[in-house]
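Bear in mind that the values in this text are calculations on the coordinates, not laboratory data. Because the structure is a prediction, the values reported are computed rather than measured. Don't worry about glycine lacking a Cβ; one is built from the backbone with ideal geometry, like all the others, and counts go over all protein chains shown.
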Amino acid sequence: MSPFKAFKQEAKTIKKWEDEILHYFITGYTNARTEGTNHKIKNIKRRCYGISIAKIIDVKYKSGLYRMS
């Protein structure tokens, strides 16, 4: 192991996520779509801070992130 703390932490992280990392190279699948959707929702919440819940639902509905049933 390297005497550098950052390299030790990086090696530990790679070892922890080894199966998931290898799975990507085998299948080519990622969770990018889910992460992108979560990012959009967080941005909407950030931009709508202080606006009423009804207005937030309206924004989500118009952007296609919220479906009324």
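So here's what we get for this one:
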item: For the chain, the longest site-free run once chymotrypsin sites (Phe, Trp or Tyr not before Pro) in DSSP loop states with at most 16 other Cβ atoms within 10 Å are removed; result: 30-48
item: Test item: Cα-centred dipole of the chain, Lys/Arg +1 and Asp/Glu -1 on Cβ, debye; result: 460 debye
item: Using θ = phi - 60° and Karplus 6.51 cos²θ - 1.76 cosθ + 1.60, couplings along region 4-21 (whole Hz; Gly, Pro as x); result: 8, 4, 4, 5, 5, 5, 4, 4, 5, 5, 4, 4, 5, 9, 4, 4, 5, 5
item: Straight-distance crosslink candidates among lysines, where the alpha carbon sits under 22 Å from K16 and sequence neighbours closer than 8 are dropped; result: K5, K8
